[in-house]
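The block underneath contains the structure these notes are about, expressed in structure tokens.
The values are calculated or read from the model by the stated rules, or taken from the named source; none is laboratory data. This one's a predicted model, so the numbers in the text were calculated from it and none came from an experiment. Here the Cβ positions follow ideal geometry from the backbone for every residue, glycine too, while neighbour counts run over all protein chains shown. Just the protein is used for accessible areas: all its heavy atoms, side chains included, with ligands, DNA and RNA removed. Shrake-Rupley method; radii C 1.70, N 1.55, O 1.52, S 1.80 Å.
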Amino acid sequence: MPRPLYHIALTGLNATDSPGPGMGVIRSLKAAENFDVKIIGLSYETLEPCIYMRELVSKAYQIPYPSAGMEALYQRLQYILSKERIDVLIPNFDAELFNFIKVSDTLESEFGVKMLLPTADQFESRQKFNLYNYGIKHGIKVPYTKIVFTTSELYTLEQELKFPMVVKGKYYDAQVAQNMEQIWQYFYKISSRWGLPVIIQQYIQGTEVNVCGVGDGCGQLVGAVPMRKLYITDKGKAWAGVSLKDDRLLEITGNFVSSTRWRGPFEMEFIRTPDEEYYLLEINPRFPAWCYLTAGCGQNQPEMLVKLALRQHVPPRLDYEAGKMFIRYSSDMIVNMDDFERISTMGEL
Amino acid sequence: MKLKKHVAISDSGFLFNATTGDSYSLNPIAAEIIKLYQQGHDDQTIIEYLVDNYTVDRNTAEKDLQDFCERLIHYKLVE
């Protein structure tokens, strides 16, 4: 029986030292059991490595930065869709998701492009500054968190939290502060870079464990693989990791999806304390860069996502092989100046 | 002493805790002891086994096994 060929567009092509998930998603889709794929890459920068990986990406188009807004994105996608068929679109960055969520209905009705994304409400309510209340609502422990908008709120901080504390930007960045001096320092540094509010959270001692999963939007967890980082770069990114068999973590993840009716891919980041309690640190509304591990241990979640987006029946598949490792590597590609010129001047390659 | 559900040991004595992702390299006697526990043997039987198969007196075998078990507890490898 011939395998269908799906045209998949995706972002996150920055396979750099702080990698986007694109390459992991593409490699998983290339390994799909039931279909073949043609990959259309959507990039923001001209030096995103996957643009030049012809064996992975058939055609690449630049798209406007998220700050340009929804209309600019829609217009660019209209152009791309005049050249390419796109069956499924997989955005892989937090910062772009809001715009993609807003244009998703129009893209489907006008062009038949399908996406499986969290709803705008799901996307907003799990933001770092809402996470503490989100955790209370859905029965998940989250370290005590204070949302700080002004420096005056820092004076009373020690009445509510104990040192060490974690100072976080609203989108990225986290620093552990051992005293008030560091709190002030990190507050200014992070707020000047990422804006306000700044999140100050109780530090929890333990081991970080993450889960990569997919929810079907009806409360069913379709796939989930927990992972522990074995090697972390100076940017805090996993360079190696191992899949875990953690029944309690899977139970928490299942409850989260059931309670929130989460739609689409996600990564949950937890701290497991020595007493085996789990504290949720973050929910990323997209696949993590390490998602190829899910395919590697027998649960190809990007493949599941494409089928769900295409409204195909995907039975939950929660079995996977624990003890599978991923080890990332970096490599130099040789690229012709012509290619760089084309993506730089024409915005496509 | 019962090892946790997701603790596995290879023939070469490499022990992997699939719940935590921690791994340990065991020497051949430690690996033998783990396998004996996995087969359901109790402390007394294992001490007998050590005395019968290695040049060790009963008191030393008992003490060493206790030390080893404390380490297994410390690393949360047992129920």
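Miscellaneous remarks
- The angle between the Cα long axis of helix A:247-260 and the main principal axis of chain A comes to about 80°, on a 0 to 90 degree scale.
- Full-extension gain in nm, A:Gln205 to A:Glu282, via 0.36 nm per residue minus C-alpha separation: 26.1 nm
- Charging the Cβ of each Asp and Glu at -1 and of each Lys and Arg at +1, and nothing else, the dipole of segment B:7-74 about its Cα centre rounds to 180 debye.
- Annotation: the antiparallel percentage among DSSP beta bridges lying fully within chain A is about 75.
- Within-12-Å neighbourhood charge of A:Arg193 [Cβ basis; K, R +1; D, E -1]: +2
- Under a Gaussian network description of chain A, with springs only between Cα atoms under 10 Å, the residue in A:Gly12, A:Gly219, A:Gly195 that fluctuates furthest is A:Gly195.
- Integer Hz, Karplus 6.51/-1.76/1.60 couplings in order for segment A:99-109, x for Gly and Pro: 5, 5, 4, 5, 8, 4, 5, 5, 4, 6, 6
- Among A:Ser330, A:Ser104, A:Ser18, the largest mean-square fluctuation in a Gaussian network model of chain A, built with springs joining Cα atoms closer than 10 Å, belongs to A:Ser330.
- Two-site FRET efficiency, A:Glu153 against A:Ser18, from Cβ-Cβ distance with R₀ of 22 Å, rounded to 0.05: 0.15
- These residues, A:Lys324, A:Lys189, go from largest to smallest accessible area, 1.4 Å probe, as A:Lys189, A:Lys324.
- Heavy-atom accessible surface of A:His138, to the nearest 10 Å², is about 30 Å², with a 1.4 Å probe and all protein chains retained.
- Highest-first packing order for the peptide set A:299-308, A:266-275 is A:299-308, A:266-275, based on the mean count of other beta carbon atoms within 10 Å.
- Cα-only Debye scattering, chain B: base-10 log of I(q)/I(0) at q = 0.13, 0.16, 0.18 Å⁻¹: -0.37, -0.56, -0.71
- Label separation (A:Lys141 vs A:Asp338): 6.0 nm, computed from points 7 Å beyond Cα along the C-beta direction.
- Taken residue by residue and averaged, Cβ atoms of other chains lying within 10 Å of the Cβ of B:8-16 number 1.
- Measuring r between the beta carbons of A:Leu310 and A:Phe163 and using R0 = 56 Å, the FRET efficiency lands at 0.65.
- Segment A:1-118: proportion of alpha-carbon pairs further apart than 23 angstrom, %: 24
- Unit charges at the beta carbon, dipole of chain A: most positive-side option, A:Met337, A:Gln185, A:Pro49: A:Pro49
- Dimensions of segment A:81-171 along the principal axes, based on C-alpha atoms and rounded to the nearest Å, stand at 58, 28, 18, largest first.
- Protein-only accessible surface order, largest first, of A:Met165, A:Met333 at 1.4 Å: A:Met333, A:Met165
- For B:17-25, mean number of other protein chain Cβ atoms within 10 Å: 6
- Percentage of interatomic Cα-Cα distances in segment A:129-180 larger than 18 Å: 36
- Most fluctuating residue given options B:Glu62, B:Glu32, B:Glu48, as computed from a GNM of chain B linking Cα atoms under 10 Å: B:Glu48
- Modelled spin-label separation between A:Glu321 and B:Gln44, with each label point placed 7 Å from Cα along the Cα-to-Cβ direction: 4.3 nm.
- In this structure, the pairs whose alpha-carbon distance is over 22 Å, taken from A:Lys59/A:Lys237; A:Lys146/A:Lys245; A:Lys189/A:Lys229; A:Lys141/A:Lys168; A:Lys245/A:Lys307, are A:Lys59/A:Lys237; A:Lys146/A:Lys245; A:Lys189/A:Lys229; A:Lys245/A:Lys307.
- Estimated D of chain A in µm² per second, where Rh is the Kirkwood radius over Cα pairs and Stokes-Einstein applies at 4 °C, 1.567 mPa s: 61
- Accessible area in the full protein assembly, largest first, 1.4 Å probe, for A:Lys102, A:Lys229: A:Lys102, A:Lys229
- Extension gain (nm, one decimal) between A:Ser331 and A:Gln178, 0.36 nm per residue minus Cα-Cα: 51.3 nm
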